[in-house]
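Notes for the one structure printed next.
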Amino acid sequence: MNRDELKEIIVGPVAAVPTPFDEDFELDLGRMAAATEFWVENGAVTGKSVIKVAAAMGEGPMLSDNEWPHLLRTAVQAARGKATIAFGIHYKDTKRTIEDAKRAQDLGAVALQITPPIHNDPTQDDTLRYFGAVSDTIDIGIIVYLNPWFTYGGIETETILKMADLEQVAAIKWSVPEGVPYEDMTKFAHIFNVLDNSNAAVRCYRLGGRGWVGTTLASYPPHDLHIWDLLQVGQFEEAETLYHEVMDPLTEFYVKVCKRSGGQGRMDKGMMELMGVPVGASRPPSLPLSAEEMAELRELMLSFGWPVQG
């Protein structure tokens, strides 16, 4: 696929879906298949959203090289060609990233979210060569993941503009580096699909963006898909209100529960359990939400009008 084709399918709310584990913290592929079917049946299909497997929020960095291929294959097979399945590659050098990229492509992923090789202490030129080398070896899409909160994880606007020559780079996951105005995305939004990662979905869209990284699509797809529909018909105020009515209290809740135990997927896993699609707990040292935290989360979700099951 070329960039124009990829930009048609890497759009809308992007779900960093949880990785299901059993009671021994081993992969539960049956639950992964069931969860994928739930997402597809509730509208998370190609052209409207992206299902991202083994992302950071999906505990991708905690998976072994023997585990993630089984997880990805399960999601691809369960989606039955109806969804855009992306795969997350984290913090690896060029050689290992290319190996993973080729394998993910062979397993059916149509896009890769790739993080800069931060542990190699890359310069901007190193980062450009890194993404260029991957682009040259695959036929599927690349979502460039800016990590400005990590040393060497940020990517300057000028470097992003140079990626126009990398055919498989189709999207930029936009987290604004310190000192850079959010509006800098307008310099490259005509080249790549910009996906907001700063809790500013509506702002991003109005500046030419084509989606956002959501924390609710995995648990209740109709919410995010409704916001996407509102954006596409220009109902920005209604979309903004709906987005923040849910995102703001969930963000506040997430910050609070992370004081007891970290782990990016803990809240998402709690939400999915409450929606009747359990995916198990996060791997240690992260702790599952407590009974009190689950009760508070349940009340929050009920206040959104969601059909809570648990």
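The values are calculated or read from the model by the stated rules, or taken from the named source; none is laboratory data. All values reported here derive from a predicted model rather than from experimental measurement. With ideal geometry, Cβ positions are generated from the backbone for all residues, glycine too; neighbour counts draw on all protein chains shown. Ligands, DNA and RNA are excluded from the accessible area calculation, which covers all protein heavy atoms including side chains. Shrake-Rupley method; radii C 1.70, N 1.55, O 1.52, S 1.80 Å.
When restricted to residues that are aromatic (Phe, Trp, Tyr) and over 22 Å from Lys95 (Cβ atoms), the range 135-180 contains 2. Does Pro69 qualify as being touching a Lys or Arg at 6+ places or on another chain (Cβ under 7 Å), open to solvent by less than 40 Å² (accessible area, probe 1.4 Å), part of a helix (DSSP H, G or I) and at negative phi? Yes; evaluated as a whole, the condition is true for this residue.
Residue by residue, here is whether (1) open to solvent by less than 30 Å² (accessible area, probe 1.4 Å); (2) without any contact (Cβ under 8 Å) to a residue 40 or more places away in the chain; (3) not aliphatic (A, V, I, L, M) holds:
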{"position": "Tyr254", "(1), (2), (3)": "no, yes, yes"}
{"position": "Val257", "(1), (2), (3)": "yes, yes, no"}
{"position": "Arg260", "(1), (2), (3)": "no, yes, yes"}
{"position": "Gly270", "(1), (2), (3)": "yes, yes, yes"}
{"position": "Leu274", "(1), (2), (3)": "yes, no, no"}
{"position": "Val279", "(1), (2), (3)": "yes, no, no"}
{"position": "Arg283", "(1), (2), (3)": "no, no, yes"}
{"position": "Ala291", "(1), (2), (3)": "no, yes, no"}
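Within the range 90-123, can you find the residues that are part of a helix (DSSP H, G or I), surrounded by fewer than 16 Cβ atoms within 10 Å (Cβ to Cβ) and among the polar types (S, T, N, Q)? Answer for the range 90-123, where residues must be part of a helix (DSSP H, G or I), surrounded by fewer than 16 Cβ atoms within 10 Å (Cβ to Cβ) and among the polar types (S, T, N, Q): just Asn120. In a residue-by-residue description of the range 197-216, the property of being open to solvent by less than 50 Å² (accessible area, probe 1.4 Å), in contact (Cβ under 8 Å) with a residue 24 or more places away in the chain and under 16 Å from Leu302 (Cα atoms) applies to at least one position. When we screen Met185, Met247 for residues that are in a helix (DSSP H, G or I), within 21 Å of Arg298 (Cα to Cα) and open to solvent by less than 40 Å² (accessible area, probe 1.4 Å), the only hit is Met247.
State whether one or more residues within the range 5-13 are out of contact with any Asp or Glu (no Cβ under 7 Å at 6 or more places or on another chain), without any contact (Cβ under 8 Å) to a residue 60 or more places away in the chain and either within 25 Å of Gly211 (Cα to Cα) or among the aliphatic types (A, V, I, L, M) (or both). The answer is yes, given that some residue of the range 5-13 is out of contact with any Asp or Glu (no Cβ under 7 Å at 6 or more places or on another chain), without any contact (Cβ under 8 Å) to a residue 60 or more places away in the chain and either within 25 Å of Gly211 (Cα to Cα) or among the aliphatic types (A, V, I, L, M) (or both). Scanning the range 141-173 for residues that are under 20 Å from Ala101 (Cα atoms), part of a loop (DSSP other than H, G, I, E, B) and open to solvent by 10 Å² or more (accessible area, probe 1.4 Å) gives Leu166, Glu167, Gln168.
Across the range 17-32, which residue is surrounded by the most Cβ atoms within 10 Å (Cβ to Cβ) among those that are assigned to a loop (DSSP other than H, G, I, E, B) and without any contact (Cβ under 8 Å) to a residue 12 or more places away in the chain? For the range 17-32, the residue satisfying everything is Glu26. Has the range 225-239 got any residue that is part of a loop (DSSP other than H, G, I, E, B) and open to solvent by less than 70 Å² (accessible area, probe 1.4 Å)? Yes: the range 225-239 contains one or more residues that are part of a loop (DSSP other than H, G, I, E, B) and open to solvent by less than 70 Å² (accessible area, probe 1.4 Å).
Within the range 151-169, identify whether any single residue is under 20 Å from the mean Cα position of the chain (by Cα) and among the small types (Gly, Ala, Ser), and answer yes or no.
The initial filter retains those residues of the range 151-169 that are under 20 Å from the mean Cα position of the chain (by Cα), namely 153-155, 160, 168-169.
Next, from what is left, pick out any that are among the small types (Gly, Ala, Ser): 153-154.
There is at least one residue in the range 151-169 that is under 20 Å from the mean Cα position of the chain (by Cα) and among the small types (Gly, Ala, Ser).
To keep it simple, each residue is scored yes or no on (1) open to solvent by 10 Å² or more (accessible area, probe 1.4 Å); (2) not in a loop (DSSP other than H, G, I, E, B).
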{"residue": "Lys7", "(1), (2)": "yes, yes"}
{"residue": "Pro13", "(1), (2)": "no, yes"}
{"residue": "Ala34", "(1), (2)": "yes, yes"}
{"residue": "Val40", "(1), (2)": "yes, yes"}
{"residue": "Ala83", "(1), (2)": "yes, no"}
